[in-house]
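K.L.:
What follows is a structure written as structure tokens; I'll ask about it next.
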Amino acid sequence: MMPTISTFQPGKRLRLFLGESQSWQGHPLYRAILDAVYHYGAVAATVQRGIEGFGPEQHLSTERLGEMAENLPVLIEIIETEEDIDGLLTILDQFVQRGLITMTPVSILVRDNNQSHREHHSD
């Protein structure tokens, strides 16, 4: 058996800061984005619900006060390769009308015995 050789490839981490009450065609916005990112074939994505926070509009949302808990913060983190990030940003631009998107460089661990992440999503 050949040993696995691991290398790092350059990538990007997108962080989308949204509100839980935002929707897209009758569905939660975070779910619509996650579905689109999955079908695009991104390397990884996670949705996290915050307990407190505010965004560019400076509206504080918190679990501590019942009336303010309607629109708790949601953070979506997406990892994608450098060569595929522009296509993903084009898709995300349709969804995110309000909110904040940041992008930072990351290194993605790649093992040569695995299929490409795009091969896992081809139907």
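K.L.:
For A36, indicate whether it is closer than 30 Å to D112 by Cβ and modelled with pLDDT of 90 or more.
P.N.:
Details: closer than 30 Å to D112 by Cβ: yes; modelled with pLDDT of 90 or more: yes.
Against the criterion (closer than 30 Å to D112 by Cβ and modelled with pLDDT of 90 or more), A36 qualifies.
K.L.:
Can you tell me which residue in segment 20-30 is surrounded by the fewest Cβ atoms within 10 Å (Cβ to Cβ), limited to those that are touching a residue at least 12 places away in the same chain (Cβ under 8 Å) and touching a strand residue (DSSP E or B) at 6+ places or on another chain (Cβ under 9 Å)?
P.N.:
Among them, the one singled out is S21.
K.L.:
Now, a different point. Quick check on my filter: what residues within segment 67-106 are touching a helix residue (DSSP H, G or I) at 6+ places or on another chain (Cβ under 9 Å), assigned to a strand (DSSP E or B), crowded, with 18+ Cβ neighbours inside 10 Å and not charged (D, E, K, R)?
P.N.:
Within segment 67-106, V74, I76, I78 meet the criteria.
K.L.:
So which residues in segment 56-106 are charged (D, E, K, R) and at pLDDT below 90?
P.N.:
As a first pass, look at segment 56-106 and keep what is charged (D, E, K, R): 57, 63-64, 67, 70, 77, 80, 82-84, 86, 93, 98.
If the condition is that a residue be charged (D, E, K, R) and at pLDDT below 90, then E57, E63, R64, E67, E70, R98 are the ones that fit.
The values are calculated or read from the model by the stated rules, or taken from the named source; none is laboratory data. Source: prediction; values computed, not measured. FYI the Cβ positions are ideal-geometry reconstructions off the backbone, even for glycines, and counts take in every protein chain you see.
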